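The structure under discussion appears below in the form of structure tokens.
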Amino acid sequence: VIKCRAAVAWALGQPLSVEEVEVAPPKAGEVRIKIVATGICRTDDHVLEGYFPNIDFPVILGHEGAGVVESVGKGVTSVKPGDKVIPITLSRCGECSFCQNPESNYCLKCHFSESQCLLPDKTTRFTCKGKQVHHFMWVSTFAEYTVVPEFAVAKIDDAAPLDKVCLLGCGFSTGYGAAINTAKVKPGSTCAIFGLGGVGLSVVMGCKAAGASRIIAIDINKDKFAKAKELGATECINPQDFKKPIQEVLTEMTGHGVDYSFEVIGHVDTMIAALASCNMNTGVCVMVGVPASGAVLSIDPMLVLCGRTWKGSLLGGWKMRECLPKLVSSYLEKKLNLDLLITHTLPIAKVNEGFELLRAGKSIRTILLF
């Protein structure tokens, strides 16, 4: 058993508390990782806001981390102590029908299919003050040491800087892949991105890499416009500056609507606006933002009947265990620039300060270091 620091969420709506926790050794098929760096993602904040009622408290959040294997359980063959790794939230068991489908990046053992507040054997490896503490999506990267199933970890290049490539665990991969893999943005096309957080800006980067000629970035926080343009946006607009719905504004700006639109906020009204803003016949709208549990959409069927395509994107469509090492290599080869998304770096003791920066719209990505 290892004693270490972790940011524990004891209850809904309360600040995280940095505590000493006990982390049990890995059982068969499990890996214990020393987390070096982890990003703060909006999804972590959504848990604290009550978006996901199936999350059990107390819990150790965090899902965008990178670290070094400390020990492995019986039967683990893909990683060994000392390996640099990224724990992954979209597991790859390799056995279910989705994992065996070459076109799928889903897994029936992932958290969208079943709760991952406990490890697969329905027990936890975390205790604090004599109480059991739950896992989050099997990764819990707000702990200095964490235990994950082997099929939820990817080995990466030893040269990778963990305080940068941790973003590949969620934010960057999700946004960049939504443009590259899910939408398959074509050169010379027009794109609109709703929401300019870390994931939305990664969509901007993906659209630019795909050769889009016009990238329209949309947010109600004008402070994010400079960063969006630095990353590839050709225009930035604030819906609050117009008296008409934003989809009408975009249609007028482009003639018939954009070729590709991306909703990276998770609000049903902006999801509908994003759908309506793309070309009525050949436009593709990709849903990237995570809505609150129980949210319901009500749309005019004609928005789809005329030919629009409406798609969802999970972690950018990547098969994470196979693709993460390749994404890390692309970063090391300077084909991807994750550094531009990092606005703040803080010690784990200041985790709540990092969340305050996120809520105030003052950060893109804050990296926490142990």
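Would you mind telling me the share, in percent, of accessible area of the chain contributed by carbon and sulfur at probe 1.4 angstrom? Present the calculation step by step, with values, prior to reporting the outcome.
Values: 8090 of 14970 Å².
Roughly 54 percent, rounded to a whole number.
Given a 1.4 Å probe and heavy atoms of the protein chains only, how would you sort 74, 122, 311, largest accessible area at the top?
Working: 74 170, 122 125, 311 75 Å².
Ranked list, largest accessible area first: 74, 122, 311.
For residue 132 and residue 186, FRET efficiency with R0 = 51 Å and r from the beta-carbon atoms, rounded to 0.05? Mind showing how you got there, number by number?
Details: r = 50 Å, r/R0 = 0.99.
Rounded to the nearest 0.05, the efficiency is 0.50.
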How far is helix 320-332 tilted off the main Cα axis of the chain, in degrees rounded to 10, range 0 to 90?
80
Residues of region 336-352 with amide N under 20 Å of the 7 Å Cα→Cβ point at residue 10:
348-352
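Would you work out the relative contact order for region 175-313, in percent, from Cα pairs under 8 angstrom that are 6 or more residues apart? Intermediate results must be reported in sequence, preceding the final value.
Details: 305 pairs, mean separation 31.1, N = 139.
Computed value for region 175-313: 22 percent relative contact order.
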If each part is reduced to its alpha-carbon centroid, region 185-227 and region 305-370 end up apart, in Å, by 15
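Would you please put 293-304, 332-343 in order of how densely packed they are, using the mean number of other Cβ atoms within 10 angstrom per residue and starting with the highest?
332-343, 293-304
Calculate the FRET efficiency for residue 229 and residue 280 from the Cβ-Cβ distance with a Förster distance of 35 Å, rounded to the nearest 0.05. Kindly include the intermediate steps, with their values, before the conclusion.
Values: r = 29 Å, r/R0 = 0.82.
Plugging the Cβ-Cβ distance into 1/(1 + (r/R0)^6) gives 0.75.
Only Lys, Arg, Asp and Glu count, each charged at its Cβ (+1, +1, -1, -1), so figure out the dipole size of the chain about its Cα centre, rounded to 20 debye. Walk me through the numbers on the way to the answer.
Working: 38 positive and 36 negative charges, 108 e Å.
Dipole size: approximately 520 debye.
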Sequence neighbours fewer than 8 away in the same chain don't count; with that in mind, list the lysines whose C-alpha is under 16 Å from residue 186.
208
Distance in nm between pseudo-label sites at residue 256 and residue 1 (7 Å out along the Cβ direction from Cα)
6.7
In nm, spacing of pseudo-spin labels at residue 77 and residue 356 (7 Å Cα→C-beta vector):
5.1
For region 20-56 and region 107-174, what is the centre-to-centre distance using only Cα atoms, to the nearest Å?
6
With n ≥ 4 as the cut-off for DSSP H runs, can you work out [θ] at 222 nm for the chain, using -39500 (n - 2.57) per run divided by the number of residues, rounded to the nearest 500?
-6000 deg cm²/dmol
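Give the percent of DSSP beta bridges with both residues in the chain that are antiparallel, rounded to the nearest 5. Mind showing how you got there, number by number?
Values: 35 of 62 bridges.
Counting only bridges with both partners in the chain, antiparallel ones make up about 55 percent.
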If all Cα-Cα distances of the chain are sorted into 10 Å bins from 0 onward, what percent lands in each bin, rounded to whole numbers?
5, 25, 34, 24, 10, 2, 0
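Considering only protein heavy atoms, what per residue accessible area in square angstrom results for the chain with a 1.4 angstrom probe? Mind dumping the intermediate values first?
Numbers: 14970 Å² over 370 residues.
For the chain, the per-residue accessible area is 40 Å².
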Could you point to the residue in 167, 145, 324 farthest towards the positive end of the chain's charge dipole, with +1 and -1 charges on the Cβ of Lys/Arg and Asp/Glu respectively?
324
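Relative contact order for region 157-222 using alpha-carbon pairs under 8 Å, separation at least 6, rounded to a whole percent? Intermediate results must be reported in sequence, preceding the final value.
Values: 91 pairs, mean separation 23.5, N = 66.
It rounds to 36 percent for region 157-222.
Take peptides 173-185, 229-241, 53-65 and line them up by average Cβ neighbours within 10 Å, highest first, as a rough protection proxy.
Values: 173-185: 25.8, 229-241: 16.5, 53-65: 21.4.
Ranked by mean Cβ neighbours within 10 Å, highest first: 173-185, 53-65, 229-241.
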Please identify, among 313, 189, 91, the residue showing maximal mean-square fluctuation in a Gaussian network model of the chain using a 10 angstrom Cα cutoff.
189
Quickly rank 108-118, 140-150 as a protection proxy: mean count of other C-beta atoms within 10 Å, highest first.
140-150, 108-118
Given a Förster distance of 45 angstrom, what is the FRET efficiency for residue 329 paired with residue 123, based on the Cβ-Cβ distance and rounded to 0.05?
0.80
Would you mind telling me which residue in 186, 131, 224 has the biggest mean-square fluctuation in a Gaussian network model of the chain, where springs connect alpha carbons within a distance under 10 angstrom?
131
What spacing in nm lies between the two simple spin-label points modelled at residue 101 and residue 220, each 7 Å away from Cα in the Cβ direction?
3.6
Looking at 283, 183, 268, which one has the Cα that reaches farthest to the positive end of the dipole of region 175-313 (charges on Cβ: Lys, Arg +1; Asp, Glu -1)?
183
Length-normalised contact order of the chain in % [C-alpha pairs under 8 Å, at least 6 apart]
18
Over region 175-313 - Rg/Rh using Cα atoms and the Kirkwood inverse-distance radius:
0.93
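What dipole magnitude, in Debye to the nearest 20, does region 142-252 give about its Cα centre under +1 on Lys/Arg Cβ and -1 on Asp/Glu Cβ?
Using only the charged Cβ atoms, the result is roughly 440 debye.
The values are calculated or read from the model by the stated rules, or taken from the named source; none is laboratory data. For clarity, every value in this text was computed on a predicted model and none was experimentally measured. Positions of Cβ are backbone-derived with ideal geometry, glycine not excepted, and every protein chain shown enters the neighbour counts. We work out accessible area using only protein heavy atoms, side chains counted, and drop any ligands, DNA or RNA first. Shrake-Rupley method; radii C 1.70, N 1.55, O 1.52, S 1.80 Å.
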